[in-house]
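The values are calculated or read from the model by the stated rules, or taken from the named source; none is laboratory data. Please read all numbers here as calculations on a predicted model, not as lab measurements. When we count neighbours, we look across all protein chains shown, and the Cβ atoms used for this are built from the backbone with ideal geometry, even at glycine.
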2 protein chains.
Amino acid sequence: MRRYFDTDSAQRPLVLIVGGGFGGLTAGQRLRRASVRIYLADRQNYHLFQPLLYQVATAALSPAEIAQPIRQILRGQRNLRVGMRQITGVDLDRKVVTFPGGEGRYDYLILACGATHSYFGNEHWQEKAPGLKTIDDALEIRRRILLAFEAAEQEEDEAARRARLTFIVVGGGPTGVEMAGAIREIAAETLPRDFHHLSTHTTRVILLEAGPRLLPMMHPQLSERARRDLEAMDVEVRLNSRVTDVDSHGVKLGEQQLAAGNVIWAAGVRAAPLAATLGVPLDDAGRVRVAPDLSIPGHPEAFVIGDLAAATDPVTGKPVPGLAPAAMQMGRFVADIIAREAKDNTPPAPPPRPSFRYRDKGQMATIGRARAVAEVAGRRFGGLVAWLLWSGVHVAFLVGFRNKLFVLLSWLWHHTFFASGARLITGEQEVPVKRLRSDLNGDDPV
Amino acid sequence: MRRYFDTDSAQRPLVLIVGGGFGGLTAGQRLRRASVRIYLADRQNYHLFQPLLYQVATAALSPAEIAQPIRQILRGQRNLRVGMRQITGVDLDRKVVTFPGGEGRYDYLILACGATHSYFGNEHWQEKAPGLKTIDDALEIRRRILLAFEAAEQEEDEAARRARLTFIVVGGGPTGVEMAGAIREIAAETLPRDFHHLSTHTTRVILLEAGPRLLPMMHPQLSERARRDLEAMDVEVRLNSRVTDVDSHGVKLGEQQLAAGNVIWAAGVRAAPLAATLGVPLDDAGRVRVAPDLSIPGHPEAFVIGDLAAATDPVTGKPVPGLAPAAMQMGRFVADIIAREAKDNTPPAPPPRPSFRYRDKGQMATIGRARAVAEVAGRRFGGLVAWLLWSGVHVAFLVGFRNKLFVLLSWLWHHTFFASGARLITGEQEVPVKRLRSDLNGDDPV
């Protein structure tokens, strides 16, 4: 009997997973007992728990507390190999991926390399308004936030000082809401005790949202709750405010200029550039339009999952959201298809495969200490209850017991002593000041 | 009655401290109740616990666990102000320091800006052989160590792979001994479980020392003990081995070439460049030759402490070593002089000041898990006892309860599970390989 995969020296099919985020990692783990060989390629050596990345950017957590080496997570899995490689292209017809210096064949492909920021065609805004996707992004934003206070203290020009202490967050989704709340907290609670000689009450945090409400994917009641909670914390929320330009002075909203020394971009995501190398139809955000089984139409052995996939639930007709739980569900779904075909030793595809269905477990966003909004199983929560839910779910989904423990301790410390634990300025250290206080013992004697 | 310091609108004298390391911080804290105004300038915003920096470089600890914002440490002190400023010059005659964009007067000056690496005139070795003085240094070394394993796994050329896994530490002082031991541990215990497909037994760690023994400042018995302990861990210790060149292939010892992809410099220190701007006599390492009261001869209001000072104990005639306890003793000593003169409202200097005496509390260096050497109160310890001493002393001297707690927990975790907690490769991510395995499913099937 001729078996489908025995052409290649009786080896089991090779499943190549690109990306070690929630989707890729889950798919790899789900294939633990399948008779396949797995190669997981990621350009980083770690899995990053992106939902808590904003807490690294606001100095509450250290990078190592929310990241785990992919090799360590998967070290017990004998049919899987990890490589730190940036996959730069896919040839779907030859079933080959390319990377700097080589290429590799696959029998099954799972593309799970996620999304990056989108500046909607204004990519030159990036330098002035960094986004938040990687640890290096988070450390850069942390550096800018902390340097703003150092610079403001040394700044003699009043307008320049006000601008240094003005933080604009662009985008009212979960990341934007969380960043704005967290910056307001560090500016109102932690830093004033470090900067006696600076009136941190002049700090402004402005959250800009182009649409008519915050958290547009949640129930309008919760959008309203989030807005009220942020305003109670003195975050200025501006809805229907579309940014038309970003420069070194701040942002422009049409005719209006908002002077700000610090702009953080949380407005848009775009699929990773690898999608564009496939030569298949993409949606507006650059995501791959997948078949109901999450494969690329015409290529039953190539799947796309997570933020890289433009998938629609076949029953509700709604797009599958770009959330960690969705990516994990997709990872399990395609892993099960592959495991079944490998077990039956059939070529990819027929008999008809099942369709992916998204089970909506809910959504949540934190706003500040003891403030959050959550939608779980059709019920809506706000305030402390939502915040406890949010904290519990996030610790539960962190990978690794060590990280769970350290994050819990960090939070406990942070909320007890109002002191964040990672207020280090690393990297380049220039304190940019317009007009420097000319004398150490100048107008503000110790 | 004309009082010395009432010329300047009845203000108390301004003490300018340059550097927030052990010496500067201790001096500032000691002046808490003195009737002076203090300005502490540092180019970083944090105090770094340098004795544990090698553990950041070897992925055992996170940067935030061994660093603390200077402002936070000193936030309760009303007569002190902190500024993140790089002081670039001193005019001793005008009693003025300069910094980019301005200058500042002082009544008393305490220079405590420490030391940096010395390549003995071969500064171009720095790129190939980074030293370990700052957090950015440590993260760079961590990146190189972890990338070496990633690259070795993808390297097909056997000689190149061996070189990738060869780590040379130059310098047999405490930092060199600690780095060599820690790299050996991570290579022998932690990483093999992450890299199933790589024989990490081929990892070599070589410690080069130009002199005839390790830890030359300790008793020869302990030098010998350290050598034996390192060799028991499979570190190759080479004494009387002076490096004559460092390039991308490794290091040269005269005629002999040692091929190594990773070279770490722990061989020499040199005073911070600020010393050279003073125009006063320096020693060979660029340190300021201070008077017995630690002031600069001819400038009784300007003191130099810590690693920046070339001081000699007047009774033993021995140089004061470049250790944290010495810097702290010096900080307290000069603070007490200043406090007394401020209290008496006398100008700097007469009546004759006391001379600084170094109280030697001992020295220690760790080698690996449950291995260290220590000299305390004239007694010598090795092995577990020394290691427990070392651990206790280092946690006790860490600044901040949070850091003590987190470091203790990290060590507990590390030593229980043989897993270091911060194995993240951040920054630039290229995996440098000479001849890449051309195929993901190449000669080493999963």
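Points to keep in mind about this one:
- Scan of segment B:59-103 for residues that are farther than 30 Å from B:Ser35 by Cβ and touching a helix residue (DSSP H, G or I) at 6+ places or on another chain (Cβ under 6 Å), ordered by number: B:Ala59, B:Ala60, B:Leu61, B:Ser62, B:Pro63, B:Glu65, B:Ile66
- Any hit, segment A:61-74, residues being of a type outside the set (Ser, Thr, Tyr), in the same structural domain as A:Ile296 (by TED's automatic domain parsing) and under 17 Å from the mean Cα position of the chain (by Cα): no
- Members of segment A:304-326 that are of a type in the set (Gly, Ala, Ser) and surrounded by fewer than 17 Cβ atoms within 10 Å (Cβ to Cβ): A:Gly317
- Within segment A:158-189, tally of residues that are within 14 Å of chain B (Cβ to nearest Cβ) and not small (Gly, Ala, Ser): 3
- Subset of segment B:386-411 that is small (Gly, Ala, Ser) and part of a helix (DSSP H, G or I) - its residue that is farthest from B:Leu48 (Cα to Cα): B:Ala386
- Looking only at segment B:59-107, and only at residues there that are among the small types (Gly, Ala, Ser) and within 30 Å of B:Ile425 (Cβ to Cβ), the one that is farthest from the other protein chains (Cβ to nearest Cβ): B:Ala60
- Boolean, B:Gly286 is on the phi < 0 side of the Ramachandran plot and buried (at least 16 other Cβ atoms within 10 Å of the Cβ): no
- Here A:Ile296, A:Ile305, A:Ile338 are screened, and the one residue that is of a type in the set (Val, Ile, Thr) and closer than 14 Å to A:Asp107 by Cβ is A:Ile338.
- Exactly one residue out of B:Leu53, B:Leu31, B:Leu40 is under 19 Å from A:Phe149 (Cα atoms), more than 9 Å from every other protein chain (Cβ to nearest Cβ) and among the hydrophobic types (A, V, I, L, M, F, W, C): that is B:Leu40.
- Strands (runs of 3 or more DSSP E) enclosed by segment A:167-257 - at least 2 residues per element that are in contact with a helix residue (DSSP H, G or I) (Cβ under 7 Å, 6 or more places away or on another chain): A:204-208, A:235-238
- Check on B:Pro192, free of Cβ contacts under 8 Å to residues at least 24 places away in the same chain and either of a type in the set (Phe, Trp, Tyr) or within 14 Å of another protein chain (Cβ to nearest Cβ) (or both): yes
- Taking the criterion of being outside any helix (DSSP H, G or I) and closer than 23 Å to A:Leu14 by Cα, the residues of segment A:320-354 that qualify are A:Asn345, A:Thr346, A:Pro347, A:Pro348, A:Ala349, A:Pro350, A:Pro351, A:Pro352, A:Arg353, A:Pro354.
- Some residue of segment A:110-118 being closer than 30 Å to A:Asp293 by Cα, touching a His at 6+ places or on another chain (Cβ under 8 Å), among the hydrophobic types (A, V, I, L, M, F, W, C) and not assigned by TED's automatic domain parsing to the domain that holds A:His249: no
- Neighbours by Cβ (under 8 Å, 6+ apart or cross-chain): first from segment B:267-280, on the phi > 0 side of the Ramachandran plot; second surrounded by fewer than 18 Cβ atoms within 10 Å (Cβ to Cβ): B:Gly279/B:Leu92
- Among the numbered conditions (1) closer than 22 Å to A:Leu40 by Cα; (2) in contact with a His (Cβ under 9 Å, 6 or more places away or on another chain), the only one that B:Glu156 does not meet is (2).
- Taken as a whole, the structure places A:Gln86 among residues that are under 15 Å from A:Leu111 (Cα atoms) and modelled with pLDDT under 95.
- Note on segment A:115-143: residues that are aliphatic (A, V, I, L, M) and farther than 16 Å from A:Ala182 by Cα amount to 3.
- Looking across segment A:40-58, the residues that are out of contact with any helix residue (DSSP H, G or I) (no Cβ under 7 Å at 6 or more places or on another chain) and within 14 Å of B:Thr426 (Cβ to Cβ) come down to A:Arg43, A:Gln44.
Yes/no matrix, rows are residues, columns are (1) surrounded by 20 or more Cβ atoms within 10 Å (Cβ to Cβ); (2) among the hydrophobic types (A, V, I, L, M, F, W, C); (3) within 14 Å of another protein chain (Cβ to nearest Cβ):
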{"site": "B:Pro351", "(1), (2), (3)": "no, no, no"}
{"site": "B:Arg379", "(1), (2), (3)": "no, no, no"}
{"site": "B:Leu388", "(1), (2), (3)": "no, yes, no"}
{"site": "B:Trp413", "(1), (2), (3)": "no, yes, yes"}
{"site": "B:Thr416", "(1), (2), (3)": "no, no, yes"}
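- Which listed residue is free of Cβ contacts under 8 Å to residues at least 60 places away in the same chain, of a type in the set (S, T, N, Q) and within 24 Å of A:Arg270 (Cβ to Cβ), from A:Gln86, A:Gln77: A:Gln86
- Flag not set for A:Ala34, criterion: more than 17 Å from A:Arg332 (Cα to Cα), of a type outside the set (Val, Ile, Thr), in contact (Cβ under 8 Å) with a residue 60 or more places away in the chain and part of a loop (DSSP other than H, G, I, E, B).
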